[in-house]
Amino acid sequence: MNRQATRQEVSLLRDPSRWIGLRTRLLLLILLAIGPALGLALYTGLQHRRMAAVQAQQEALRLARIAVGDHERLIQGAQQLLIALSSLPVVRAYDARACHAYFAALLKQYPRYANLGVVTADGDVVCSALPLSGPINLADRAYVRRAVETRAFAVGDYQIGHITGKATINFGYPIPDDVGPIRAVVFAALDLAWLNRPAADARLPAGSVLNVIDRNGTIVVRYPDPERWIGRLAVDTPIARTVLAVGEGATETSGVDGIVRLYGFAPLRGALHGPELYVQIGIPTSTAYAEADRLLARNLIGLGLAGVLALAAAWMFGDRFILRGVRALVYGTERLKAGDLTGRIEVTGRDELGTLAVRFNEMADGLQEAHDRLAADVRELGYRAQELGLLREIDLMMLAETPLRDLLSKAVEAFARLADAQTCVLVTADPKSGELTPVANWGPDLEAIRQYFATFRPRAGEEGGSLGRAIATRKAVTTPDVASDPSMERYRDAALALGIRAILVVPLVADQHVLGAAGIGYPTVRRFSETEVRSMEGFASQLAVALEQTRLREEAKDRRGLEEALYASRQLFQAVVQSTPDAVIVADGSTRIVACNAGAQRLFGYTEGELQGMPVMALVPERYRETHRQGLDRFEVTGEARVIGRTIEVDALRKDGSDVPVELSLAGWKTGDRVFYSAILHDITERKQYTTHLEQTVQEKTRTLRAANQQLEAASRHKSEFLANMSHEFRTPLNSIIGFSDILRDPAFGPLTEKQARFAQNIQVSGQHLLSLINDLLDLSKVEAGKIDLHPEPFECREAIRAALAEVQPQADLKQLELTPQTDEAPSTIIADPVRFKQILLNLLSNAVKFTPEGGRITVTVRRAARQEEGDTSQGAAGQGLEILHSTPHTPHPCDVLEIAVADTGIGIKPDDLPRLFQEFTRLDAAIAKRTKGTGLGLALTKRLVELHGGEIAAVSDGEGRGSTFTVRLPITPTNHHPLQ
C-alpha cells in the first residue's frame, strides 16, 4: 500500500497541471505573512493618533498657562496703576467733572481696562471714565469692602459690571483722608475679553475654541463667537465638570457646543482667597488626528499594493523557482532507488531547494563512500588476516625462544610479504652517532644492500634519506618516486641501481622508544594511500613490541650472567678488603658500624663482635666528637660535606684509651632513603715520627743557610761599596782621555789625517760608552748600597718630556723613526728629582729607538691617572698582551699619579723573557745583543730609580715582532713615608 501511495505522489509530481494546490498554499502563506504587517500598520496608526492627541493637549495646556500668566501680570500692573492714581490731586479732590475727564483720557491709554473710577467708602460712585446713567452704589462689590477693611490693594470677584455690562475683574485701592480714615476707593475694571488675544496670536487650527468659566460654570469669555456664549451656564457639560473637578490638566471630551475636542485647562487666580475662573482651550480631534490618519492610509495602501505584487510574483515565479527544483529532486530519488549511485542533482541556487539538493547529493556521496568503504573493509579484512598470520608465526618463534637474529630475519620477510614488496631492510640507529646499521635484509641482492649501507653510512635525520627521516621524526615517510625526490639526491643512483623506484619507511616504536625502522622498496613508481601507510604502521607497532620483548628476554639472560659475575666479584672484593692492612669500616645512617675488616680490629683493639653495632663516635677522641657530629648532620640534610670525599689526617681512639694518628678517607652514599658511610683508616704513626725527625733536620739546615745568606749579603754590600768607590777612580782618567780626544779633533790644534781623525773619533765614542757604563754601574751600586740621594723639587712636567724627546730626536731621525708625544692630559707640575726623572725617560726612549727598526713609530703618552692598589696587575696604556708589573714595596698612597707609556713598533718581547726583563746584566736575545750596544743595566737601573720615587714600572708585549710598551707610574706629590724624602 505504501508503494502505491509513493507511485501516486510521483505521478502528481510529474504532472505540472496538478500542482495548483502547491501554488495555492504558497499564496496562503504570503497572505499569512501580510497579516502581521497589516496589524503592525494599524498599531502604528493608533500610536501616532495617541501621540498627536498628547501633543495637541499639551499645546492647549501651554496656551492656557500663558493666559494665566498674562492675567497675573495684569493684576500687578493694576496694583501699581491704582497706587499711582490714589496719590493724584485730581482724584483726592473728589471733583466728579475733572475726575471723569482725567479717567476718560486715561482709559484710552489702557484699552485692556473696561472702566476706571472712584467710589466712596459707602459704595457711591464719585466719578467714572464711562458716563453714569444715574447714581450707582457698589457697596456690594467685594473689592470695595476688602479695600476699606484691609486698607490695602484688593481684588474682587469676577463679575458683569453695573456700568460696563462686561465680564470684568475689578481691583480697588483705598484713599485715606489727611487724618487717617478711609474716605474713598479708586478702582479699575479689567476687561476679560483680552483673553481672546492669546488664542488669536497662537493661530489655532480651524474649529479651536477658548472658554473662560467661573466657579459656577458660567461662561464669561468665549472665542470665537463671544456674543453667543458669554453668560451661559455650562456646569452640566463634560468639559465643565472635568475642569471644576480637576482644576488644571488636559483631556479629550465634548465642549459646551457638543463637539469633541482635545482640551487644555488651567485656573485663573483672581481673588486672593482661591481660584475663581478657569481657562479652557480646545483643539478639534479631526485637526489633531489629520496627519496620523493620512500616514495610516498611506501605509495601508502601500501594504495592499505590496501584497498584490507578492501574490502575483508567487503565482508567476512559483513554477520556476520551486516546482522545477522539486521535479529534479524526484528524478534524482528515482535514480538512486534504481541503484544508480552516480546520479546527482544539479544545484542552481542557494535557497532551501538548493540546500535540499546539496544534501541529497551529499547523501548520495555518503552512500557511495559507504559502498567504497565496505569494499575496502573487505580487502582490509584479507590484509589483516595475512598480518595476523605473520604475527602468529613470530609469536610462535618468541615462545620457542628463537634468537633475536632469526626473529629479525623472519620480521623483514613478513614485512616484504605483507607489503608485496621487492626489497625490505630493518635498520637500527646508533644512540650516539645516529649511524644506521642494517640488522636484517630481504630481497634479490642482499650483498648489494649491505654494500649500500657500508658506502653511504646514512644517519638519523634529514640527511639520512627516507630511513633517517623516519627515525628522526617517528613518522612514516613515503617516497613515491626516488628519481624526483630531492631528499634522495645523495642515494638516488645507488637506489635505482638496486632496482628501487619507490620507498615506504615506517619506524619501529615500542614504549615511546624508537627501535629502528623498516624500509620497503618497490621497483616502480607508487602512490601510497593513507590506509596502506596506517596498515604498515600498525604492523610495525606490533612487530616492534615483539622485537622489544625478545630483546628484553635476551637482556634478562645476560643480566643473570652479570649478576652471577657480580656476586663473584663481590666475594673477591670482600676477600681483598679483609686482606688489606688498612682499617675499613662501614656505618649506617645512625653512625653505627655494620661491617669492618681485620685491619680495623688490629688498629682499634676490638673484636669483630665488639665493633658490630658500636657507634662510630666511640672511635673518635672526645675533643673531635662535636665537630664530627655536626658534619654528619649537615651531609644528611643538605648533602654538603667538608671532610667526606677527601683524605685528611686525624687522631683515632683505641680500646685502651690511647690516640693513634691515622690518614682518613671518608665517603658517603644513599641507597633509596638509607644513608651509609665508609671509612678507610691508615696508621701513620711511623710516618709522623719520621716527619718530626725530618722537620728538626730542616730547621737545622735553615739556620745554617740563614747564616750563609747573611755572609753573602755582607759580601754583596762590600762589592757595591767597592764598585762605588772604584768608579770614581775610573772616571778621572777616563774623563782625561775623552777630553784629550776632543782636543785632538779640534782643528785649532792642528790638522789630522783622515785615519788620525777616525782613530780620535773611535777613542771619543769608546770613551763615552765606557763612561756611560761606569755611570750606570756607579748609580746601580749606590742604589744597592743605599747611598744615592734624590733631590725632589717641583718642575714643569711637559717641559721635561719635551727636553728628553729633543735629546733622542737625532738618534730617531737617523733611523727615520716617527716620534709622537701625547701630553694633552699630562699634569702641569710634578714633584720629583728632575735629573733622575730625565734619566728614566732617556733610558726608556733610548731602548725604544735602539730596538725599533727603521721607519717604525714610537709614541709617548703622558697623563694623570688614579693610583692603583698594591698588587694590581691591570694593563695600563699598553692595551692587551703579556706583562710583568714591578711594584714598590712601600705602601701606596691613594692619590693621583703621573703615567708615562712609551710604546714602540719594535722587535717585541717573548713571553718567556718578560720575567727576566729587569734583571741586572741581562740581554734577552744573544743575536740582537751582538748587533746593539748595551750592558743590560739600563732597565734594572730605571726600575730602581722608579721605585725610589715610590712608583712602579710595567712592561707589556703582544709577542715577538709585535712591539712593546713600558709604563711608568710616579706619584705627582710624594707622601711623608716615601723614601724620596
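Two decimals, Cα atoms only, Kirkwood Rh: what is Rg/Rh over the stretch 50-288?
On the Cα set of the stretch 50-288, Rg over Rh gives 1.04.
Each Lys and Arg Cβ is given +1 and each Asp and Glu Cβ -1; about its Cα centre, the stretch 50-288 then shows a dipole of about 360 debye. Assuming R0 = 56 Å, what is the FRET efficiency of Ala708 and Glu564, from their Cβ-Cβ distance, to the nearest 0.05? With a Förster radius of 56 Å, E is 0.20. On full extension, the segment bounded by Ala312 and Glu72 gains 79.7 nm, given 0.36 nm per residue less the C-alpha separation.
In the structure displayed, which of Lys701/Lys943; Lys850/Lys943; Lys655/Lys688; Lys557/Lys670 lie more than 23 Å apart, Cα to Cα? The partial results should precede the final answer.
On the way: Lys701/Lys943 34 Å; Lys850/Lys943 19 Å; Lys655/Lys688 21 Å; Lys557/Lys670 29 Å.
From the list (Lys701/Lys943; Lys850/Lys943; Lys655/Lys688; Lys557/Lys670), the Cα-Cα distance tops 23 Å for Lys701/Lys943; Lys557/Lys670.
What is the calculated FRET efficiency for Leu367 to Arg294, with r their C-beta to C-beta distance and R₀ = 41 Å, to the nearest 0.05? Please list the in-between numbers first.
Working: r = 62 Å, r/R0 = 1.52.
Once rounded, the FRET efficiency stands at 0.05.
With each label modelled as a point 7 angstrom along the Cα→C-beta vector, the Val358-Ala104 pair spans 10.1 nm.
Near Leu508, the amide H atoms lying under 5 Å from its own belong to Leu515, Gly516, Ala517, Ala518; only residues 5 or more places off or on other chains count, and H is placed 1.01 Å from N.
Accessible area of Glu947 (1.4 Å probe, protein heavy atoms only, ligands and nucleic acids ignored): about 40 Å².
Going by accessible surface with a 1.4 Å probe and the largest first, Thr671, Thr287 read Thr671, Thr287.
Annotation: for a label point projected 7 angstrom from Cα along Cα→Cβ of Leu38, residues of the stretch 277-313 with backbone N closer than 20 Å are 293-313.
Computed about its Cα centre, the charge dipole of the stretch 401-552 is approximately 120 debye, with only Lys, Arg, Asp and Glu carrying charge at their Cβ.
How much length, in nm to one decimal, is gained on full extension between His513 and Thr473, taken as 0.36 nm per residue of separation minus their Cα-Cα distance? Intermediate values should be presented prior to the final figure.
Values: separation 40, 0.36 × 40 = 14.40 nm, distance 1.21 nm.
Here the segment from His513 to Thr473 would lengthen by 13.2 nm.
Computed with a 1.4 Å probe on the full set of protein chains, the accessible area for Val119 sits at about 0 Å².
Rank these residues by their accessible area, most exposed first, probe 1.4 Å: His628, His791, His949, His682.
Details: His628 50, His791 120, His949 5, His682 75 Å².
Correct descending sequence by accessible area is His791, His682, His628, His949.
Please sort by residue number the GluC sites (Glu not before Pro) in the stretch 460-511 whose DSSP state is loop and whose Cβ has at most 11 other Cβ atoms within 10 Å.
Numbers: sites: Glu462, Glu463, Glu489; in loops: Glu489.
Answer by residue number: Glu489.
Computed over the stretch 401-552, the Cα gyration tensor eigenvalues convert (square root of 5λ each) into semi-axes of 22, 17, 16 Å, ordered from largest to smallest.
With the simple model of a label 7 Å out from the Cα in the direction of the Cβ, Glu610 to Glu413 spans 7.4 nm.
Once you reduce the stretch 478-554 and the stretch 134-149 to the center of their Cα atoms, the two points are 131 Å from each other.
Using a 1.4 angstrom probe with every protein chain in place, what is the largest-first accessible-area order of Ile30, Ile259?
Values: Ile30 30, Ile259 85 Å².
Listed by decreasing accessible area, they come as Ile259, Ile30.
Applying 1/(1 + (r/R0)^6) with R0 = 45 Å to the Cβ-Cβ distance of Tyr94 and Arg241 gives a FRET efficiency near 0.40.
Model label sites at Gln451 and Arg25, defined 7 Å from Cα along the beta-carbon direction, differ in position by 8.1 nm. For the pair Asp742 and Asp659 in one chain, pulling the backbone fully straight at 0.36 nm per residue adds 21.2 nm over the alpha carbon distance.
The values are calculated or read from the model by the stated rules, or taken from the named source; none is laboratory data. Here the structure is a predicted model, which means the values were calculated and not measured. In this analysis, Cβ positions are derived from the backbone assuming ideal geometry, glycine residues included, and neighbour counts consider all displayed protein chains. Heavy atoms of the whole protein, side chains included, go into the accessibility calculation; ligands, DNA and RNA do not. Shrake-Rupley method; radii C 1.70, N 1.55, O 1.52, S 1.80 Å.
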